[in-house]
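The next block holds one structure in the form of structure tokens; read it before the comments.
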Amino acid sequence: MRKDSTLGTLLVALAVCLVCSIFVSTAAVYLKPLQQTNKALDKKKNILAVVDLLQEGRSVEELFGQVEPKVVNLATGKFVADIDPASFDARKAAKDPARNVKIPADQDTANIRTRAQNATVYFVKEGERAGLMIIPIHGYGLWSTLYGFIALEGDGETVYGLSFYEHAETPGLGGEVDNPKWKSLWRGKKLFDGQGNMQLQVVKGAVDANTPGAEHKIDGLAGATLTSQGVSNLLNYWLSDQGFGPFLERVRAGKLEGMSNG
């Protein structure tokens, strides 16, 4: 066979592709445990960040010792004693028919279709911020599903912080959900009105002391109306009776302690 023939060229290209695919596949297999470890570490880092517990010069694992994760059944708001928080993966559970809940379209404000029956809540148990709780949230924005955490005071209705750690929103527009200045606007906001109805929302324009219901409202993201609406929608879902509502109701009623026993 001539080296410069069409068949020869195709065989060389095929051999190169085969060798490269073997290298890529092998690397993916061997690097997967490292990737999973880094992913778990990054999640812990974001949990610490939303409650201002990250400290330069100290390891994430060391600092995470101040946080206690617990799995909560969303339907009852009670702790689930027989599920290990360290191994529970809500994303995988949301795709498992045996462990998920299909969300009716008229209730799916977060546009996620299914959710896990359970979720992990993180409690700060040590230091100046003891009593804070971190709740995972996610929902669709303009281009992507936003994954993040909302941190609440021990009263179960006052926001301490909000942070999104994974999304693909437009940089400079919807991507401003990462802007520290915008995230600082959330502290002190209230989730519910006097009747216990969820009121927290991102609104168009700026919010000041004269804005009616200012304690429930956050400035919209300039030029990112759909992302802003997406944030409001996902909060409306996860903080309602469809999400963490039953859990937060128990927190506000002072029934958090001993929930693992019913």
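With the requirement that a residue be among the small types (Gly, Ala, Ser) and within 24 Å of VAL51 (Cα to Cα), what does segment 72-109 give you?
Just the residues of segment 72-109 that are among the small types (Gly, Ala, Ser), to begin with: 75, 77, 81, 86-87, 90, 93-94, 98, 105.
Scanning segment 72-109 gives GLY77, ALA86, SER87, ALA90.
Can you pull out the residues in segment 177-217 that are open to solvent by 30 Å² or more (accessible area, probe 1.4 Å) and in contact (Cβ under 8 Å) with a residue 40 or more places away in the chain?
Across segment 177-217, the qualifying residues are GLY196, MET198.
Under 8 Å between Cβ atoms, which residue pairs at least 6 apart in sequence (or on different chains) link something in segment 93-114 that is on the phi > 0 side of the Ramachandran plot with a partner that is basic (Lys, Arg) and open to solvent by less than 30 Å² (accessible area, probe 1.4 Å)?
none
From the list GLY174, GLY156, which residue is on the phi < 0 side of the Ramachandran plot, over 15 Å from the mean Cα position of the chain (by Cα) and crowded, with 18+ Cβ neighbours inside 10 Å?
Details: GLY156 fails: on the phi < 0 side of the Ramachandran plot.
Just a single option satisfies the conditions, and that option is GLY174.
Taking segment 161-171, which residues are in contact (Cβ under 8 Å) with a residue 24 or more places away in the chain and surrounded by fewer than 18 Cβ atoms within 10 Å (Cβ to Cβ)? Give the derivation first.
Keep residues of segment 161-171 that are in contact (Cβ under 8 Å) with a residue 24 or more places away in the chain, which gives 161-163, 165, 167-170.
TYR165, ALA168, THR170, listed by residue number.
Checking GLY220 against (1) modelled with pLDDT under 95; (2) surrounded by fewer than 20 Cβ atoms within 10 Å (Cβ to Cβ); (3) small (Gly, Ala, Ser), which test does it fail?
Of the numbered conditions (1) modelled with pLDDT under 95; (2) surrounded by fewer than 20 Cβ atoms within 10 Å (Cβ to Cβ); (3) small (Gly, Ala, Ser), the odd one out for GLY220 is (2).
Report the residue count in segment 45-72 for those that are open to solvent by 50 Å² or more (accessible area, probe 1.4 Å) and either in contact (Cβ under 8 Å) with a residue 12 or more places away in the chain or more than 23 Å from TYR122 (Cβ to Cβ) (or both). Steps first, answer last, please.
Start the filter on segment 45-72 by keeping residues that are open to solvent by 50 Å² or more (accessible area, probe 1.4 Å), which leaves 45, 52, 54-59, 61-62, 68, 70.
Narrowing the set further to residues that are either in contact (Cβ under 8 Å) with a residue 12 or more places away in the chain or more than 23 Å from TYR122 (Cβ to Cβ) (or both) leaves 45, 52, 61, 68, 70.
Adding up the residues that qualify gives 5.
Go through segment 78-95 and give me each residue that's part of a loop (DSSP other than H, G, I, E, B) and under 18 Å from the mean Cα position of the chain (by Cα). Let's see the steps before the verdict.
In the first step, residues of segment 78-95 are kept if they are part of a loop (DSSP other than H, G, I, E, B); the result is 78, 80-89, 95.
The answer is PRO85, ALA86, SER87, PHE88, ASP89, LYS95.
Filter segment 46-67 down to residues that are more than 13 Å from PHE149 (Cα to Cα) and not in a loop (DSSP other than H, G, I, E, B), then give me how many there are.
Here the count works out to 8.
The values are calculated or read from the model by the stated rules, or taken from the named source; none is laboratory data. Source: prediction; values computed, not measured. In this analysis, Cβ positions are derived from the backbone assuming ideal geometry, glycine residues included, and neighbour counts consider all displayed protein chains. These accessible areas exclude ligands, DNA and RNA; they are computed on the full protein's heavy atoms, side chains included. Shrake-Rupley method; radii C 1.70, N 1.55, O 1.52, S 1.80 Å.
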